[in-house]
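Beneath this line is the structure, given in structure tokens, with notes to follow.
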Amino acid sequence: MTALALDLAYLSLTELAGLIRDRRATPLEVTTQLLDRIDRLNPLIAAYYTVFADDALAEAKVATDEIAAGRYRGPMHGIPVAVKDICELGPTTAGSKVRARYVAAEEATVVRKLREAGSVLLGKLATYEFAIGTPTKSSYFPPARNAWNTDYDPGGSSSGSGAAVAAGMAFAAIGTDTGGSIRWPAFANGIVGLKATYGRVSRAGIFPLSWNLDHAGPMTRTVADAAAMLQAIAGEDPRDVTAVAGPVPDFSARLGRSLKGMRLGVPRALFEESCDAEILALFNVAVAQLQDLGATVIDVPTVTHNQVMAAHMPMMAADAAAYHLPDFRARPDDFSPYLRTMIGAGLAVSAVHYLDCQRAREVIRRQLLDGFSEIDAYLLPTSGVPMPLIQDAPGDLAHLSGDGFAVYTGVFNLTGFPAMSIPCGFSATGMPVALQIAGRPFDEATVLQAGHAYEQATPWHSRHPDL
Amino acid sequence: MTLHDLVKEKLLAEGVTINDKDFPALVTWYASYQAGRPAVEDLLSLIDEPAVAFSALGVAK
């Protein structure tokens, strides 16, 4: 069997890595085939802003030659991947007119680490403007489309990352997550999104949204793929003081282990009142499936969604305002109306209010940390709302304020805990739905173990858009 | 002083002038942050440690 005879598009990263390791496929063949697919599908999905076709083929040739010479580096070697366009690598626009002509002089640490692992960099992926501003059809950069139904938003802010991985236009992608921007598009696109512990992955060279809430991490088609990509990008970095020093554990070590004895806690007060009935029903089925796999599932006390949003939103807006203030003073009209609203509101947050949010955040973190005396991981829906249609224009932005945005991811940005979104079914309209597993700080292994066991017992990861 | 005037004054103090068309949404967002303050204060009432603060440049433990 030659690699070109395979339909590679929806192979998992780890399946492809096996083929490359065993020399049944070469990075050059795979990259060539994937670039053809991107060329065909990007006009429909708009996942990529920039495709590095020539560079990717050159990198793939180097990887092919290295592996042929017996210098195989590991599971990411020769794997074509892409990165969200707020990660510095060549032209880096952040999806904004403000950075439309910016070309990075250095590369983000996550990019450098992927290169060291031997990955092939395919290009730069669409993002909500500066990782927050919801795009519309009238935005300066066109919005990425949901591969399951192109009328729908693919979620964000890592919109292109989610859409590209779901559409078989990359084997994995880097996303970033300040309030759910890895996990929400993972939900929306029926893929896996892993936000590791705060400090696990360097953010150096990534445009900030909020210095103390931002995370970077993998978006992939399977849990094992997420573990493999995290392995490549985790670890200390002198360019990011929050990146933790010391050895990085083997994130794949517990994949395949039984869930017998694992205790999962469901924080129902966080989501039950605001969660869409169809999503809640699918989540409850998943809970029963995890029990069938041997896990003990109990309801646990928690803070509310309202409390989480009350602490999260003012901090994120104020941090964004601090970062963008020079550009906002100089050329506010180059920001989208959404960004202007958020930055303006963030500028008005008082220092006392900000500090109270930080203090409240610590109360939330301690409460959820105490919960780990009874459980090994939290289990909850990723989002309580179905995906919206892509809008023609921004319209009335006022409705986006407050706690009406029932996506249950921000709590793990506040706490810094590792959290992963994995598919748990499809709605009646054919759109993906997902659950979220969150673990103790630096215990990504438990999150991955639970997610992998669930994934392997269910069919959702093997469903793909017909493209 | 109206909320609109308060927000406008705060932005002016930061050297920012903003188009009037942006103000209704901006004020609504700011008002939503203010509306969340009782929830924040409820959380703070749960502890006896007034100085508790997340180490924003530290490491999640």
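Values quoted throughout were computed directly from the atomic coordinates according to the rules given, and no laboratory measurement underlies them. Small disclaimer: the values here were computed from a predicted structure and weren't measured. Every residue, glycine among them, receives a Cβ derived from its backbone with ideal geometry; neighbour counts consider all protein chains shown.
Taking all C-alpha pairs of chain A, those more than 44 Å from each other amount to 6 percent. Counted by neighbouring Cβ atoms within 10 Å, the residues A:Val201, A:Val349, A:Val447 run from fewest to most as A:Val349, A:Val201, A:Val447. Taking Lys and Arg as +1 and Asp and Glu as -1, the other residues whose beta-carbon sits under 9 Å from that of A:Ser12 total -1. At a Förster radius of 22 Å, what calculated FRET efficiency corresponds to the Cβ-Cβ distance of A:Val285 and A:Ser427, to the nearest 0.05? Using R0 = 22 Å, I get an efficiency of 0.95.
Could I have the simple spin-label model distance between A:Ala69 and A:Glu106, label points 7 Å from Cα toward Cβ, reported in nm to one decimal? Distance between the two pseudo-spin positions: 2.9 nm. Considering only A:Ile233, A:Tyr49, A:Phe372, and ranking their Cα positions along the charge dipole of the protein assembly as shown that arises from unit charges at the beta-carbon of Lys, Arg, Asp and Glu, the one farthest toward the positive end is A:Ile233. Applying 1/(1 + (r/R0)^6) with R0 = 45 Å to the Cβ-Cβ distance of A:Glu374 and A:Ala322 gives a FRET efficiency near 0.70.
Calculated [222 nm] ellipticity per residue, helices only, for the protein assembly as shown: -12000 deg cm²/dmol; basis is -39500 (n - 2.57) per DSSP H run with n ≥ 4, divided by all residues, nearest 500.
Each Cα pair under 8 Å and six or more residues apart adds its separation to the average, and for chain A the resulting relative contact order is 17 percent.
Taking other residues whose beta carbon is less than 11 angstrom from the beta carbon of A:Val303, and scoring Lys, Arg as +1 and Asp, Glu as -1, yields +2.
Within chain A, the whole DSSP H helices whose Cα atoms reach 18 Å or more along their own axis and whose mean Kyte-Doolittle score is at least -0.5 are A:27-45, A:53-68, A:277-292, A:305-330, A:351-371, A:444-457. What you get for chain A, charging only the Cβ of Lys and Arg (+1) and of Asp and Glu (-1), is a dipole of about 520 debye around the Cα centre.
Amide H contacts of A:Gly123 (H built 1.01 Å from N, in plane; Pro and chain starts excluded): A:Phe52, A:Val83 sit under 5 Å, all sequence-distant by 5 or more or on other chains.
Quick one: length gained pulling A:Ala245 to A:Asp396 fully straight, 0.36 nm per residue minus the C-alpha distance?
So the chain would gain 49.8 nm between A:Ala245 and A:Asp396.
Highest mean packing first, where packing is the average number of other Cβ atoms within 10 Å per residue, the peptides A:457-464, A:216-223 line up as A:216-223, A:457-464. Note on the stretch A:289-437: with charges restricted to the Cβ of Lys and Arg (+1) and Asp and Glu (-1), its dipole about the Cα centre is near 320 debye. Taking Lys and Arg as +1 and Asp and Glu as -1, the other residues whose beta-carbon sits under 15 Å from that of B:Leu44 total -1. With a 10 Å cut-off around each Cβ of A:343-355, the average count of Cβ atoms from other chains is 6. Computed on the stretch A:233-356, the Cα convex hull volume stands at 211 Å³ per residue. Note on the stretch A:109-220: dipole from Cβ charges, positive end direction compared against A:Phe187, A:Ser138, A:Thr150; the farthest Cα belongs to A:Phe187. Pairs from the table (A:Lys195/B:Lys8; A:Lys124/B:Lys8; A:Lys97/B:Lys8; A:Lys195/A:Lys260; A:Lys84/A:Lys137; A:Lys137/B:Lys8) lying more than 28 angstrom apart at Cα are A:Lys195/B:Lys8; A:Lys124/B:Lys8; A:Lys137/B:Lys8. Averaged over the residues of peptide A:362-372, the number of Cβ atoms from other protein chains lying within 10 Å of each residue's Cβ is 3.
Could you list log10 I(q)/I(0) for the stretch A:1-129 at q = 0.10, 0.11, 0.16 Å⁻¹, which the Debye formula gives when each Cα is one point scatterer? Values returned for q = 0.10, 0.11, 0.16 Å⁻¹ are -0.32, -0.39, -0.79.
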